[in-house]
Amino acid sequence: MRDVTFALIGLAGFLVLICLALVAFVIVANWKMFIKAGKPGWASIVPIYNNIVLLDIIGYKWYYVFMYFLGVIPFVGQFALAVFLLSLNIKLAKAFDQQAGFGVGLWLVNPIFVAIIAFNKDIKYIGQKVNGDIDFNDLF
């Protein structure tokens, strides 16, 4: 029985180390993406402020941060939040001169696509190219 307990503790410790490594990787990728966009890297680790800076990177006003509160409204609010986040990620992709499909990738598997933006030297920040309403024609 003791051997099983030690094995489970070892497995749990190993999983915690993997999770910490993944969190560190995501922090570094976001930090480098913010620097690439001309923003301070430390801003990527400050809660709420990182969303405000991200909105500034794509050209939205700071008060769009309140859109994140839509998630507390059942069904309709959660759907509206999902559409807003899709729009945000497509505009983030366009701010780095990528296509809308890349933005959908940012929306679905964000850490991987943020790492592509952060570590790919060919991807450059072109600025706040987009601002305003959602353009669903960009999805197709």
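We did not get these values from a lab; they are worked out from the coordinates using the rules stated. Every value quoted in this text rests on a predicted model; they were computed, and no experiment measured them. All Cβ positions, glycine included, derive from the backbone under ideal geometry; neighbour counts span all protein chains shown.
Points to keep in mind about this one:
- Helix runs (DSSP H) in the chain reaching 30 Å along axis by Cα, Kyte-Doolittle at least 1.0: 2-36
- Net charge contributed by nearby residues that have their C-beta within less than 9 Å of Tyr125 (K/R +1, D/E -1): +1
- Top positive-direction residue, dipole computed over the stretch 2-139 with Cβ charges, set Pro74, Asn110, Trp31: Trp31
- Per-residue ellipticity at 222 nm from helix content only, as computed over the chain with -39500 (n - 2.57) for each DSSP H run of at least four residues, stands at -20000 deg cm²/dmol.
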